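In what follows, a single structure is set out as structure tokens and then discussed.
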Amino acid sequence: MSHAQEVQLQIRGTPEPEFCHAENGGGSKAADRRRSEGRGIRWWLLVIVDMLIVLCGQTIATLLGRLYYNSGGNSKWMATITQSGGSPLIAIILLLTPPESSDTGPQPPASKMVPIYLGIGVLLGFDNLMYSYALLYLPVSTFALVAATQLGFNSITSRLINKQRFTALIANSVVVLTFSATLLGVGSSDDGTSTDLPKGKYTLGFILTLSASAVFALILSLFELTFQKVVRTRTFRWVLRVQLCTNLVASTVSVCGLFASGEWRTIPVEMAAFKDGRARYVATLVGTAVSWQAMSVASLRLITRVSSLFANVTGTVSLPLVPVFAVILFGDKMTGIKAVAMLMAVWGFLSYVYQHYLDGRRAVMGKEGVACAVRGGGEAVLHA
């Protein structure tokens, strides 16, 4: 009897994560189960705060980027710098953040992290450049709708790189978002908001937005892979460190492009001719840089807390916001094609949200099933 009680105590004292890991067979499923543990009210509050920062930051940054062009700005490289040039703000936050405790594990060697910073940073720099050209060549409402295809691209990169499950609902999301972008691509560019641009520029802007969305989806998956395989910890300091280093590399690429292209010579003239003066010129660029950095840090935190696909879905929530504000602020026309494309994109987004809801319910039910099995096994041993 005493032996049976000891066995029962061992079963009840067995850490639950070990059952979860054995059941899932390791790999990405085990990582997903580990992330699902400890998701209390505080965890959800932090996730919601990060989601709100992503939504506000991306919406404001996109609108300010369009305002820069509408008010007389024309430097694509300057617009590119604002997307990563706010990294010194991250350095200040990093200095004010308490150091990590010794129980976070060994630090990854610099020989591994430096190539990662350089590779992702260069990709990010050229991705920002494509976005800058695209925002110049497209109305902001069209740009926002086409950029939503990054969710579909990220579904593919998450499957190939991060071993994300690809269910029917996620496939539906990819297909609907693709159709949404295609509808805008084959539609007429003469929507009353881009009369100064030839149709060739509209097509080029459409292609650049699709390309930038695909590259950005790849960058998000590479960020997640870096934290999974190399960093192996998800502290706030490491989020800031990775964001700071990659953005410094991207900013270096942008500054080199600014001087190599000769656009730096036109900056004083551009500033003097900017609508409402130099102060508004500086305020627009600074506001854009701060908004992009806030969005990027919050997005990276969502990647470390949940997944790159979840972070991308959160960014897609701003999809209905940007066109609405573009109609109010910039006079973009909400044509029938744009309205249908918006509804299709929202449908694609809701498909993924519902899939995430189902995954969460399965995780909870699986956890309760393991707990019941443990209790049932302990009672059987006791009766024996």
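Nothing in this text is a laboratory measurement; each read-out follows from the coordinates by a stated rule. Just so we're clear, the structure is a prediction, and the values are computed from it rather than from any experiment. Note that we place each Cβ from the backbone using ideal geometry, even for glycine, and neighbour counts take in every protein chain shown.
Please tell me which of these pairs span more than 22 angstrom C-alpha to C-alpha: K76/K275; K163/K229; K201/K333; K201/K275; K112/K229?
Details: K76/K275 18 Å; K163/K229 13 Å; K201/K333 18 Å; K201/K275 24 Å; K112/K229 11 Å.
The answer is K201/K275.
Once phi is turned into θ = phi - 60°, what whole-Hz ³J(HN,Hα) does the Karplus curve with 6.51, -1.76 and 1.60 give for every residue of the stretch 129-140, x standing for Gly and Pro?
5, 5, 5, 5, 5, 4, 5, 6, 8, 10, x, 4
Cβ neighbours within 10 Å, averaged per peptide: list 217-224, 88-95 in order, most packed at the top.
Values: 217-224: 23.4, 88-95: 14.0.
The densest-packed peptide leads the list: 217-224, 88-95.
For a quick protection proxy, order the peptides 166-173, 273-280, 106-113, 305-312 by their average other-Cβ count within 10 Å, most packed first.
Working: 166-173: 17.2, 273-280: 13.2, 106-113: 11.1, 305-312: 24.0.
Final packing ranking: 305-312, 166-173, 273-280, 106-113.
Based on the mean of other beta carbon atoms within 10 Å per residue, what is the order of 249-260, 57-68, most packed first? It would help to have the intermediate numbers written out before the result.
Values: 249-260: 18.4, 57-68: 22.9.
Taking the mean over residues of other Cβ atoms within 10 Å, the ranking is 57-68, 249-260.
Taking R0 as 56 Å, what FRET efficiency do you get between W264 and F179 from their Cβ-Cβ distance, rounded to the nearest 0.05?
Values: r = 42 Å, r/R0 = 0.75.
That pair, W264 with F179, gives E of 0.85.
With the cut-off at 1.5 for a/c, could you classify the stretch 199-259 from its C-alpha gyration tensor as rounded, prolate or oblate?
On the way: a/c = 4.06, a/b = 1.74, b/c = 2.34.
Taking the square roots of the gyration eigenvalues as a ≥ b ≥ c, the stretch 199-259 is oblate.
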